[in-house]
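Structure first, commentary second.
The values are calculated or read from the model by the stated rules, or taken from the named source; none is laboratory data. Remember, predicted model here, so these are calculated numbers, not experimental data. Glycine also receives a Cβ, built like all others from the backbone with ideal geometry; neighbour counts cover every protein chain displayed. Quick note on the areas: whole protein, heavy atoms, side chains included, nothing else; ligands and nucleic acids left out. Shrake-Rupley method; radii C 1.70, N 1.55, O 1.52, S 1.80 Å.
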Amino acid sequence: MADIISEHRCHGGIQAFYRHESSTIGLPMRFSVFHPPQERSEMVPVLFWLSGLTCTEETFPIKANAQRLAAQYGLMLVAPDTSPRNTGIEGEDRDWDLGSGAGFYLDATAEPWRRHYRMESWITEELFGLVRDEFNADTERAGIFGHSMGGHGALTLALRHPDRYRSVSAFAPIAAPSRCPWGEKAFTAYLGEDREAWREHDASELMRKRRAPFPQGILIDQGLDDKFLKEQLLPLQFEQACIDAGQPLTMRLHEGYDHGYYFIASFIDDHLAFHQRILGG
Ligand SMILES: N[C@@H](CCC(=O)N[C@@H](CSC=O)C(=O)NCC(=O)O)C(=O)O
């Protein structure tokens, strides 16, 4: 059972914030849900949003401006927090790109993270089931999208669980984490030194293995004034992997846009329309 933290009328629906005792994480976890007005009378498709480093479950509902069109389409939006919190692990709050706010959407296998840092299982199993059982969500029509670390999460969780998610898109994803400083730091800490294990959580590596699991395509938007583009994000690695795998991909590069939520808010409507085309009806 999830406890309501707060509820707010928004575009005829409800923007809600929840907390639940997660058996997967072993601690309380938070998430937000936009309930569209249609949910009062029918089951609605559900779109999971994964946020980036330093974000919480509040960042997307406050900054992305997604509720207006989600209300029109009748799409539920679920945004989980980005990591466990207050685990007691020494140094969990020391770095903004590791530990709190930086769960990387995988199940850690290395100490001291492995007990609580189980974001993949939480999102794909426990939270997915909670949304199905407690809300009027049709999880047979589920999609996933995200930004930066959350773009990495959306692509990897979709590729690792294609039975769960029928549609996937991303804004400025960390597209080849095995080859960038953010990914190398997180994977070393959470998965250990064995780079073979990293491949199972790297979207570009997974795409080469999975061979085009999304026939209706994948949408990626990337700003060209993004300060993280060249060192951390490496979208061309993913584009090449899609070409090699025969996976249809629309990769849009935008002059003048940076990494932040003004960029996301500028193109969020296109992403909602993309998912609605696949999940709607
Ligand atoms: N503290 C960092 C900047 C952190 C940052 O830019 N976080 C991004 C996601 S980065 C990849 O996952 C974000 O979404 N921030 C939230 C926001 O409201 O913009 C630094 O010092 O550079």
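Would it be correct to say that Ile220 is within 16 Å of the ligand (Cβ to nearest atom) and assigned to a loop (DSSP other than H, G, I, E, B)?
no
Consider only pairs whose beta carbons are under 8 Å apart and that are at least six residues apart or on different chains; among these, list those whose first residue lies in the range 194-212 and is within 13 Å of Ile174 (Cβ to Cβ) and part of a loop (DSSP other than H, G, I, E, B) and whose second residue is modelled with pLDDT of 95 or more and among the hydrophobic types (A, V, I, L, M, F, W, C).
Short answer, once both residue conditions are applied: Asp202/Ala176.
Quick check on this structure: which one of Thr188, Thr124, Thr156 is β-branched (Val, Ile, Thr), more than 17 Å from Phe228 (Cβ to Cβ) and open to solvent by 30 Å² or more (accessible area, probe 1.4 Å)?
Working: Thr124 fails: open to solvent by 30 Å² or more (accessible area, probe 1.4 Å); Thr156 fails: open to solvent by 30 Å² or more (accessible area, probe 1.4 Å).
None of the others qualify; the one that does is Thr188.
Which residues, counting only those in the range 229-252, are touching a helix residue (DSSP H, G or I) at 6+ places or on another chain (Cβ under 8 Å), among the hydrophobic types (A, V, I, L, M, F, W, C) and open to solvent by 20 Å² or more (accessible area, probe 1.4 Å)?
Passing the criteria: Leu229, Leu234, Leu249, Met251.
Sort through Ala71, Ala66, Ala108 and tell me the only one that's within 16 Å of the ligand (Cβ to nearest atom) and open to solvent by less than 20 Å² (accessible area, probe 1.4 Å).
When all the criteria are applied, what remains is Ala66.
Do we find a residue being away from the ligand (no atom under 12 Å from the Cβ), under 30 Å from Arg277 (Cβ atoms) and not aromatic (Phe, Trp, Tyr) anywhere in the range 83-94?
The answer is no; no qualifying residue exists.
Restricting attention to the range 253-281, and to residues there that are within 15 Å of the ligand (Cβ to nearest atom) and among the aliphatic types (A, V, I, L, M), which single residue is most open to solvent (accessible area, probe 1.4 Å)? Before you say what the answer is, go through the steps one by one.
Within the range 253-281, the subset within 15 Å of the ligand (Cβ to nearest atom) is 257-268.
Applying the additional criterion that residues be among the aliphatic types (A, V, I, L, M) yields 264-265, 268.
Values: Ile264: 0, Ala265: 37, Ile268: 1 Å².
Step by step, filter the range 253-281, then rank; the result is Ala265.
Tell me, which residue of the range 18-52 that is hydrophobic (A, V, I, L, M, F, W, C) and over 17 Å from the mean Cα position of the chain (by Cα) is nearest to the ligand (Cβ to nearest atom)?
Top of the filtered list is Ile25.
Hey, does the range 9-31 have a residue that's open to solvent by less than 10 Å² (accessible area, probe 1.4 Å) and within 21 Å of Ser169 (Cα to Cα)? Steps first, answer last, please.
Quick first cut of the range 9-31, residues open to solvent by less than 10 Å² (accessible area, probe 1.4 Å) only: 13, 16, 20, 22, 25, 29, 31.
Imposing the further condition that a residue be within 21 Å of Ser169 (Cα to Cα) reduces the set to 31.
The answer is yes; a qualifying residue exists.
Can you name the number of the only condition in (1) away from the ligand (no atom under 16 Å from the Cβ); (2) closer than 17 Å to Gly183 by Cβ that Gly103 fails?
Only one criterion is unmet by Gly103, namely (1).
Return the total of residues in the range 14-30 being in contact (Cβ under 8 Å) with a residue 24 or more places away in the chain and closer than 19 Å to Asn65 by Cβ.
So the count comes out to 2.
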